[in-house]
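Novice: One structure is given below, represented as structure tokens, and several questions about it will come after.
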Amino acid sequence: MATFEGKVFAVTGAGSGIGAATAKVLYFRGASLALCDLQFEALEKVAQELEPVSAGQRLSYNAVDVRKTEVVNQWTDSIIKEFGRLDGAANIAGAVRRLPLGTLLEDTTDEDWDFTMQTNAAGVFKCLRAQLKAMKNGGAIVNMTSVAGLDGAAGCGAYSPSKHAVIGITRTAALEAAPKGIRINGIAPGLIDTPMAATDNFPVETFLQQVPMRRIAQPEEIGRMVAVLLSDDASYMTGEIIRIDGGLRA
């Protein structure tokens with residue numbers, strides 16, 4: 001198991017679900033963390049649950065809207081000012097579908113398209129851009145996409161394209177950053193037991209019939225893979241999208 005003593009990581013969307021689980025995994029392994037989420041009260045609760053396991057560990061947390069360039073840049077600058085460095089990042093902040101599952105592309109409104117793309121695609125882009133400017137040789141970044149970003153997903157007119165965009169952003173940035181010694185990978189989860197999934201009116205039992213493992217993943221299972229990709233255990237991996245879906249597409 002990789003340890004992260006002396007490392008500084010940024011985690012977006014850390015107030016719940018995969019983001020919160022990732023923060024806990026990284027902190028338990030000794031990393032200092034800069035956490036952000038748009039929902040500050042939820043983020044604060046997560047931060048209060050974290051306990052340092054190594055000397056010198058530090059923790060900061062801020063309300064950040066990843067859709068806003070100036071806010072993202074200010075947050076990233078504050079990380080360098082407070083911690084003196086940025087070794088890695090997990091860009092997990094994202095938005096679930098606001099329209100009912102099954103809504104056709106032709107029925108998707110401009111407002112829903114813009115909201116979803118700005119949060120899921122532009123949000124990752126803006127965080128990634130700021131992080132690349134702040135990182136030095138040896139850094140690593142993980143972006144969160146979805147199985148809906150790997151294949152077409154009928155009834156997910158804005159969500160699926162936004163997650164496809166994250167994959168394109170990840171692979172493009174990986175090629176550009178590789179000569180600088182910075183690795184960038186992505187994770188494409190299937191159905192995860194998170195508050196976001198719970199509010200999605202998703203037909204869980206029907207979906208599970210298609211999953212060979214016949215269960216929903218826990219957020220910690222994704223968080224542990226984030227830790228692997230941020231560690232030196234994945235030192236020769238970049239531009240990869242790791243599917244974690246219980247065998248759904250096997």
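Novice: Over the stretch 1-138, what is the relative contact order in percent, taking alpha-carbon pairs closer than 8 angstrom and at least six residues apart?
Specialist: Averaging sequence separation for qualifying contacts and normalising by length gives 26 percent for the stretch 1-138.
Novice: Please calculate how many Å² of accessible area the stretch 1-100 carries per residue, with a 1.4 Å probe and no DNA, RNA or ligand atoms counted.
Specialist: Heavy-atom accessible area per residue stands at 46 Å².
Novice: For a quick check of understanding: with a 1.4 angstrom probe and all protein chains in place, what accessible area in square angstrom does Tyr61 have, to the nearest ten?
Specialist: 70 Å²
Novice: Can you tell me the length gained on complete extension of the stretch Glu176 to Thr69, counting 0.36 nm per residue apart and subtracting the Cα distance?
Specialist: 36.4 nm
Novice: For the chain, modelled as a GNM with alpha-carbon contacts under 10 angstrom, which of Asp37, Asp233, Asp193 fluctuates the most?
Specialist: Asp233
Novice: 5 Å is the cut-off here: which amide hydrogens, built 1.01 Å from N in the peptide plane, fall below it relative to Arg183, excluding neighbours closer than 5 in sequence?
Specialist: Gly139, Ala140, Ile141
Novice: To continue, here is another question. Beta carbons within 10 angstrom, averaged per residue: use that to sort the peptides 4-10, 15-21, highest first.
Specialist: Packing proxy ranking, top to bottom: 15-21, 4-10.
Novice: Same structure, new question: Of Gly88, Gly186, Cys127, which is farthest on the positive side of the dipole of the chain, counting Cα position, with +1 on Lys and Arg Cβ, -1 on Asp and Glu Cβ, and the Cα centre as origin?
Specialist: Most positive-ward Cα: Gly88.
Novice: Next up: FRET efficiency for Asp151 and Ala55, Cβ-Cβ distance as r, R0 = 30 Å, nearest 0.05?
Specialist: Taking R0 as 30 Å, the efficiency between Asp151 and Ala55 is 0.05.
Novice: In addition: Taking the chain as a Gaussian network, Cα atoms linked when under 10 Å apart, which of Glu240, Glu111, Glu44 shows the biggest mean-square fluctuation?
Specialist: Taking springs between Cα atoms under 10 Å, the residue moving most is Glu111.
Novice: Let's see if you can work this out: charge +1 on each Lys and Arg Cβ, -1 on each Asp and Glu Cβ, no other charges. What is the dipole magnitude of the chain about its Cα centre, in debye to the nearest 20?
Specialist: Computed charge dipole of the chain: roughly 760 debye.
Novice: Rounded to a whole number, what % of the accessible area of the chain do carbon and sulfur atoms account for, probe 1.4 Å?
Specialist: Carbon with sulfur: 52 percent of the solvent-accessible area.
Novice: Could you state how much accessible area Phe125 has, in square angstrom rounded to the nearest 10, with a 1.4 Å probe and all protein chains kept in place?
Specialist: Answer for Phe125: close to 90 Å² accessible.
Novice: Next question, about the same structure. For Lys45, which aspartates and glutamates qualify as cross-link partners when the Cα separation must be under 12 Å and same-chain residues fewer than eight apart are set aside?
Specialist: Counting by Cα, and skipping residues close in sequence, Lys45 has these aspartates and glutamates nearby: Asp37.
Novice: While we're looking at this one, here's another question. Let's test the formula: R0 of 41 Å, r as the Cβ-Cβ distance of Glu106 and Gln209. What FRET efficiency results, to the nearest 0.05?
Specialist: 0.90
Novice: To continue, here is another question. Round to a whole angstrom and tell me the spacing of the C-alpha centers of the stretch 215-242 and the stretch 31-99.
Specialist: Here the answer is 19 Å between Cα centres.
Novice: At a Förster distance of 25 Å, what's the computed FRET efficiency of Gln48 paired with Gln218, Cβ-Cβ distance as r, to 0.05?
Specialist: Values: r = 21 Å, r/R0 = 0.85.
For R0 = 25 Å, the calculated efficiency reads 0.70.
Novice: Which of Asp87, Asp65, Asp110 moves the most in a Gaussian network model of the chain with Cα springs under 10 Å?
Specialist: Asp110
Novice: On a 1.4 Å probe surface of the protein chains, which of Arg183, Arg243 comes out largest in accessible area, and what is the full order?
Specialist: So, going from the largest accessible area down, we get Arg243, Arg183.
Novice: To continue, here is another question. Arranged from highest to lowest average of other beta-carbon atoms within 10 Å per residue, in what order do the peptides 75-81, 137-143 appear?
Specialist: 137-143, 75-81
Novice: So what is the accessible area of the stretch 132-195 per residue, in Å², with the probe set to 1.4 Å?
Specialist: With the other protein chains kept in place, the stretch 132-195 gives 37 Å² per residue.
Novice: In addition: Report the relative contact order of the stretch 35-77, percent, no decimals, based on alpha-carbon pairs under 8 angstrom and at least 6 residues apart.
Specialist: Here the relative contact order equals 43 percent.
Novice: Got the relative contact order for the chain handy, in percent, Cα pairs under 8 Å and 6 or more residues apart?
Specialist: Values: 516 pairs, mean separation 52.1, N = 250.
Relative contact order of the chain: 21 percent.
Novice: Which residues does the label zone of Thr3 cover in the stretch 29-68, counting backbone N under 18 Å from a point 7 Å along Cα→Cβ?
Specialist: The answer is 29-33, 51-58, whose backbone nitrogens lie closer than 18 Å to the label point.
Novice: Follow-up question, since we're still on this one. Among the lysines, which have Cα under 19 Å from the Cα of Lys7 when same-chain residues fewer than 8 positions away are ignored?
Specialist: Reachable lysines: Lys24, Lys81, Lys133, Lys136, Lys180.
The values are calculated or read from the model by the stated rules, or taken from the named source; none is laboratory data. Bear in mind that the values here come from a model prediction, so they are computed numbers and not experimental data. Please note: Cβ atoms are built from the backbone with ideal geometry, for glycine as well, and neighbour counts cover all protein chains shown. With ligands, DNA and RNA removed, areas are computed over all heavy atoms of the protein, side chains included. Shrake-Rupley method; radii C 1.70, N 1.55, O 1.52, S 1.80 Å.
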